[in-house]
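Student: My structure is below; once you've seen it, I'll send some questions.
The values are calculated or read from the model by the stated rules, or taken from the named source; none is laboratory data. Note that the structure is predicted; figures quoted are calculated from it, not measured. So basically every Cβ, Gly included, is an ideal-geometry build from the backbone, and we count neighbours across all protein chains shown. Surface accessibility is based on the protein's heavy atoms, side chains included, excluding ligands, DNA and RNA. Shrake-Rupley method; radii C 1.70, N 1.55, O 1.52, S 1.80 Å.
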Amino acid sequence: MATYSLANERLRALEDIEREIGAILQNAGTVILELSKEKTNERLLDRQAAAFTASVQHVEAELSAQIRYLTQVATGQPHEGSSYSSRKDCQMALKRVDYTRLKLSDVARTCEQMLEN
Amino acid sequence: MAQQRALPQSKETLLQSYNKRLKDDVKSIMDNFTEIIKTAKIEDETQVSRATQGEQDNYEMHVRAANIVRAGESLMKLVSDLKQFLILNDFPSVNEAIDQRNQQLRALQEECDRKLIALRDEISIDLYELEEEYYSSRERDGEAGSPLRREPEAGLDPRTPGS
């Protein structure tokens, strides 16, 4: 199946955002876990906290951009395009191929019977 | 900047609600996380006993952590809604997807027809020879049991009354 590049790009971006949301929660958990220890690793703490803040800001920016894009392109009307006609034409072509295969196998069978006789 | 199209009220409201949900969820995550970090600080002087204060802090942290998780799940739901909205309303990409599909199917159809035409040209040569062989053989007279003899279908013989 060919890549529907434009649609797939935005959907892939949204999937990346989903993964990043999971990473946000994981970072938050790591920071709190680290704080709960007797001896905290400050470097790890700072790194995780910075990653958490950066991820949250990135997710907010990306989702705002997506919503802004949708505000520009959405028309409120249903899309009425379809690929039905070309699908039907292709189906008919495949039916022609099947029919040809059937007829050729008939001819081949007839020739074999003649040769046996 | 692209000219703002007049969206139907429902779509406009929907997109505004998406914005609001995004702002609220992000604010909830940040605020609750900040408060958990603040609560983690151990105070020397407390209004109640340390044990009570500890219990209260424990409960508060649980609630705030649950709020962070709830906000995260709400963001995931928002992303899912945005994906759905995108698939249904992003006309440029829907148009491109339809065009690509049409091109694919048209190319497949043209290839099938091209191959059938090439096959036809090849077989017509062989059929010519087969026909020559058939018309110059005794099988042409249609002996019974011959695979080339076509029996009239039952009920369709025009010579048979009532068919």
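Student: Please give the total accessible area that chains A and B bury against each other, computed with a 1.4 Å probe and expressed in Å² to the nearest 100.
Tutor: Interface area, both chains combined: 5300 Å², rounded to the nearest 100.
Student: For the range B:22-133, what is the Kirkwood hydrodynamic radius in Å, using each pair of distinct C-alpha atoms?
Tutor: Value: 20.9 Å, from the Cα pair sum.
Student: Let me ask something else. From the C-alpha coordinates alone, can you work out the Kirkwood hydrodynamic radius of the protein assembly as shown, in Å?
Tutor: Hydrodynamic radius (Kirkwood, Cα pairs) of the protein assembly as shown is 26.4 Å.
Student: Turning to a different aspect of this structure: Give me the inter-chain shielding for B:63-70: mean count of other chain Cβ atoms within 10 Å, whole number please.
Tutor: Partner-chain Cβ atoms within 10 Å, mean over residues of B:63-70: 2.
Student: Among the chymotrypsin sites (Phe, Trp or Tyr not before Pro) within the range A:1-108, which fall in a DSSP loop and have no more than 16 other Cβ atoms within 10 Å of their own Cβ?
Tutor: none
Student: Oh, and also: Can you give me the accessible area per residue for the protein assembly as shown, using a 1.4 Å probe, in Å²?
Tutor: 70 Å²
Student: Right, next: So, in nm, how far is label A:Leu94 from label A:Glu18 when the simple model puts each one 7 Å beyond its Cα toward the Cβ?
Tutor: Using points 7 Å along Cα→Cβ, the separation is 2.9 nm.
Student: Take the residue pairs A:Lys39/B:Lys27; A:Lys39/B:Lys77; A:Lys88/B:Lys83; A:Lys37/B:Lys27 and return only those whose Cα atoms are more than 32 Å apart.
Tutor: Among A:Lys39/B:Lys27; A:Lys39/B:Lys77; A:Lys88/B:Lys83; A:Lys37/B:Lys27, the Cα-Cα distance tops 32 Å for A:Lys39/B:Lys77.
Student: Past the 22 angstrom mark, what percentage of all C-alpha to C-alpha distances in chain A do you count?
Tutor: When every Cα pair of chain A is considered, 67 percent fall beyond 22 Å.
Student: Moving on to the next point. Any number yet on Rg/Rh for the range A:77-117, C-alpha, Kirkwood?
Tutor: Here Rg/Rh amounts to 1.47.
Student: Less than 19 Å apart at the alpha-carbon level, and either on another chain or at least 8 residues along: which aspartates and glutamates does that give for B:Lys41?
Tutor: Reachable aspartates and glutamates: A:Glu34, A:Glu38, A:Glu42, A:Asp46, B:Asp31, B:Glu55, B:Asp57, B:Glu60.
Student: Oh, and also: Any residues in the range B:21-42 that have 10 Å² or more less accessible area with all protein chains than in their chain alone, probe 1.4 Å, and which are they?
Tutor: Flagged in the range B:21-42: B:Leu22, B:Lys23, B:Val26, B:Ile29, B:Met30, B:Phe33, B:Ile36, B:Ile37, B:Ala40.
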